[in-house]
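J.: My questions will all concern the structure given below.
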Amino acid sequence: MEIKEKTAVVTGASSGLGAALAHALVAKGATVYGLARNLDKLNALQKQLGKTFIPVKMDITNQKAVAVWVKKTFSDAKIPNILINNAGAGYFNKIDELPLQHWYDMINTNLNGAFYISSNIVPFMKKNHVSCHIINIGSILGKTTRPDSAAYSATKYGIQGFSEALSKELRAYNIKVTCVNPGSIETRFFEQSGIEPHSNMLQPIDIAALIIHVLETPCNMLIDEITLRPLQPKMKWEEQREPSSPVCYANSSEVRKEFRDEVPIKVKFVPTPIKQKDKKH
Ligand SMILES: NC(=O)c1ccc[n+]([C@@H]2O[C@H](COP(=O)([O-])OP(=O)(O)OC[C@H]3O[C@@H](n4cnc5c(N)ncnc54)[C@H](OP(=O)(O)O)[C@@H]3O)[C@@H](O)[C@H]2O)c1
């Protein structure tokens, strides 16, 4: 897909991977609707990205609000081409110590929210003449497990199955579905999760660059799953000799801190040009 002038919806755009995805998509010329509950953060992001980033205050666990917003925002003449189901919650705890509310937060955000938004957007995508793409952000913990991850893993294994079935269902409609399963990413996810970060986590902008690459693959190529992990999780960041990604050169500690703490500021997103054999779509 040629991303320029396409319309994207990114859930969980107020921080971390979602904010990095918004940066990357806007840099590629897309109009991005960024959904999250924290409007201040979304507005701050719009100040950096400009008018092609549209902040939408939305709790994706509110089925009615999601349905109303999709209906009033899109039409047969204005179809969303890209949906990134990124918003997520993670709490790690022993099964007999996990607060019931944390279980509901994870199920409602990671599974129900993705279902609400996808089920409302797919009817518009089906009417599109060019290919559309849904990216679901899963997790390495949707492929394997760790102690205390029973609840989170249940949602991420769930989104994996959701993606696989949806991919088979929507292939015939020219809609791609890809589940991206990252290992640990340096975002504020770890602040509330109850698990410890490590010193060499994946960077949100590197994953955003990878997702841009997946979106830009030729229109007849369907990648239905990607799993990625940090190399050398115990290595100290300072020991790295070169930027971790060949397509993105923004791995300064300043940028890392910005994505982790707040809405990223002054991020240099410098993707190298990607050769596209098929520019027709
Ligand atoms: N960090 C990791 O190590 C890691 C690893 C694998 C997978 N993941 C997955 O990656 C995705 C992004 O997480 P992240 O690491 O970037 O964490 P993050 O910085 O905490 O971002 C989570 C985003 O989800 C939004 N969100 C949460 N609940 C929401 C709701 N009910 N409605 C709307 N938005 C909601 C948050 O915004 P508001 O609070 O403003 O609503 C925030 O923008 C998640 O699906 C997570 O499970 C993360």
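J.: Give the residues of region 95-111 that are surrounded by 18 or more Cβ atoms within 10 Å (Cβ to Cβ) and assigned to a loop (DSSP other than H, G, I, E, B), sorted by residue number.
T.: Leu98
J.: Please enumerate the residues belonging to region 179-212 that are within 17 Å of the chain's Cα centre (by Cα), surrounded by 15 or more Cβ atoms within 10 Å (Cβ to Cβ) and not aliphatic (A, V, I, L, M).
T.: Within region 179-212, Cys179, Asn181, Pro182, Gly183, Ser184, Glu186, Thr187, Phe189, Phe190, Gln203, Pro204, Asp206 meet the criteria.
J.: Next question. In this structure, is Lys28 basic (Lys, Arg), out of contact with any Gly (no Cβ under 9 Å at 6 or more places or on another chain), touching a residue at least 40 places away in the same chain (Cβ under 8 Å) and under 20 Å from Asp206 (Cβ atoms)?
T.: yes
J.: When only residues in region 24-63 that are more than 8 Å from the ligand (Cβ to nearest atom) and small (Gly, Ala, Ser) count, which is surrounded by the fewest Cβ atoms within 10 Å (Cβ to Cβ)?
T.: Gly50
J.: Please return the ranges of helices (runs of 4 or more DSSP H) entirely within region 136-221 where 3 or more residues are in contact with a Gly (Cβ under 6 Å, 6 or more places away or on another chain) and of a type outside the set (D, E, K, R).
T.: Numbers: elements: 150-170, 189-193, 204-215.
Because the criterion is at least 3 residues that are in contact with a Gly (Cβ under 6 Å, 6 or more places away or on another chain) and of a type outside the set (D, E, K, R), the helices (runs of 4 or more DSSP H) in region 136-221 that meet it are 150-170.
J.: Let me ask you something else. Return the only residue of Val130, Val68 being of a type in the set (A, V, I, L, M), surrounded by fewer than 16 Cβ atoms within 10 Å (Cβ to Cβ), out of contact with any helix residue (DSSP H, G or I) (no Cβ under 8 Å at 6 or more places or on another chain) and assigned to a helix (DSSP H, G or I).
T.: Only one candidate qualifies: Val68.
Quick note: the coordinates plus some simple rules give every number you see, no bench work behind them. This structure is a prediction, so every number in the text was calculated from the model and none was measured. Cβ coordinates were reconstructed from backbone atoms using ideal geometry, including for glycine residues, and neighbour counts include every protein chain displayed.
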